[in-house]
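What follows is one structure encoded as structure tokens, with my remarks underneath.
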Amino acid sequence: MENKSDREQVVDTVNGVVISVDRRKWEVCKSYFIDEPFIDYSSLSGQPGGKVKAVDLVKGWSDFLSKLKFTQHFVTNHDVKINGNTAACYSYVRGIHSLPYAEGGDLWDVYGTYEHELVKTPSGWKVSKMVFHLLYQEGNKNIPALAAKIPNEQKVTFMSEGDKLSGILYTPADYKKGERIPAVVVTGSWITVKEQMAGTYAKKLAGEVFAALVFDFRGYGESGGEPRQYESPQRKIQDIKNAVAFLQTLPMIDKNKIGGLGICASTGYMAIAAAEDNRIKTFVSIAPWLHDADIVKLVYGGEKSVSEKIATSKAARGKYEQTGVNDLVPACSVTDKNAAMFGPFEYYLSPSRGAIPEWKNQFAVMSWHEWLEFDPIKEAARISLPTLLIHSESAAIPDGAKRFYAKLISKKDFYWMKGTQFDFYDNPPTVNEASKKAVHWFRQYLEQEQTK
């Protein structure tokens, strides 16, 4: 075993604090402190320093920092002085904090110095005092306040037609037990899972006064159900209705104040659920993909190509029913022309965007039949609840959204923005603007009970 000098061990302790913070190793972090160290961040927070239990210190850091996408701290130029069983260490520090979709920018960068005092114990050098001196900060200084508003999240499960669905319920950070609050069911684009764009918008809604539920449809993500990766509009419509039923069982939810928000393809699913289920009181669509037979032919290469896809789909369905084998192709690819989305769709191909571990890049071939013959536009005339569409002329098939909007018989509005389809999924300025408009709409129509 390496014998390190006291100076090296002191530096390891000082570095270990920030390394364990960045890696979210909270028990390790706590081990670097005595039971009740003196902590002073007054130059940054304005609050006086004082003694705090190590367990409370680390919990406070965890509550704040765990809401950020990442932190990265650099502690350098350690000036260490040893005096028997005590030590002092003076260091320079830079801390980078990232909060995606934060208004004012994603990053907050802090520069300063640390003064650590340490004591030598049988289990090594421990921090007894830590003082931060702010030198400079740049970027979005509101990130700590914005992070404090990040909603609570709770994993939930509920049943849909005999299958267990996995979801996440987001609630406002300041929610108090016993309150009853409005709720919104949020659904994403086709072939996606709850951790993608649906989760992004759910967090934005729950950052206000709403509870927001996202879930994996049957056959997707963590939910049960067979066949897998099967894009069935009718199945997903029923799942939405069952999600609403689940929300109504929760004591915190005002069962008379439930709305729906659909993104891209699930706009059509949410629209029909809203038309058929009077428990949904208002509906918002973001970047809606809404097609009819004419648009399907235009998008998918003409009548012959559509007919071929449908025939292939029916054959795949027959094969599945006879053998249990589910023919799958990539959901998105730049090399496989059989992919459901063939081309450089960066959102689905980039691990830093939509190509997350929870998402399988797969599409059940049997899906084409039901998907291509699905026509939500003709259903618009059945929708009698307040409806808001948010879209862009540069996003997917705006003509379909216009046709849908024209048929609506309810209180309605159309908000046009700039941006591509994928900007609505994860581009912070676009997401923030669309979310603000949706929040305003839900406040207007869920703060008082609506009837259909």
### Scan of segment 106-121 for residues that are basic (Lys, Arg) and farther than 23 Å from PHE33 by Cα, ordered by number
none
### Task
Any residue in segment 206-222 that's at pLDDT 95 or above and part of a loop (DSSP other than H, G, I, E, B): show its pairings with residues that are buried (at least 24 other Cβ atoms within 10 Å of the Cβ) and basic (Lys, Arg) at Cβ separation under 6 Å, as long as the two are six or more apart or on different chains.
ASP216/LYS194; PHE217/LYS236
### Query
Using beta carbons and a limit of 8 Å, which pairs, at least six apart or on different chains, have the first residue in segment 318-329 and in contact (Cβ under 8 Å) with a residue 12 or more places away in the chain and the second one surrounded by 11 or more Cβ atoms within 10 Å (Cβ to Cβ) and assigned to a strand (DSSP E or B)?
ASN326/ALA364; ASP327/ALA364; LEU328/PHE363; LEU328/ALA364; VAL329/PHE363
### Message
Just to be sure I understand, how many residues within segment 423-452 are farther than 18 Å from ALA102 by Cα and not in a helix (DSSP H, G or I)?
### Response
6
### Message
When the residues of segment 349-362 are narrowed to those that are free of Cβ contacts under 8 Å to residues at least 24 places away in the same chain and within 22 Å of PRO227 (Cα to Cα), which ends up surrounded by the most Cβ atoms within 10 Å (Cβ to Cβ)?
### Response
ALA355
### Query
Does segment 386-398 contain any residue that is surrounded by fewer than 22 Cβ atoms within 10 Å (Cβ to Cβ), free of Cβ contacts under 8 Å to residues at least 12 places away in the same chain and assigned by TED's automatic domain parsing to the domain that holds ASN278?
yes
### Message
GLY225 - would you say it is assigned to a loop (DSSP other than H, G, I, E, B), modelled with pLDDT of 95 or more and in contact with a Ser or Thr (Cβ under 9 Å, 6 or more places away or on another chain)?
### Response
yes
### Message
Condition first: surrounded by fewer than 23 Cβ atoms within 10 Å (Cβ to Cβ) and among the polar types (S, T, N, Q). Now tell me which residues in segment 163-216 satisfy that.
### Response
SER166, THR171, THR200
### Flag for SER435 being closer than 17 Å to VAL284 by Cβ, of a type in the set (S, T, N, Q) and free of Cβ contacts under 8 Å to residues at least 60 places away in the same chain
no
### Message
Return the residues of segment 20-58 that are within 28 Å of ASN142 (Cβ to Cβ), in contact (Cβ under 8 Å) with a residue 12 or more places away in the chain and part of a helix (DSSP H, G or I); say none if nothing qualifies.
### Response
SER20, VAL21, ASP22, TRP26, CYS29, SER43, LEU44, LEU57, VAL58
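The values are calculated or read from the model by the stated rules, or taken from the named source; none is laboratory data. Everything numeric in this text was worked out from a predicted model, so none of it was measured. Backbone-built Cβ (ideal geometry, glycine too); neighbour counts: all protein chains shown.
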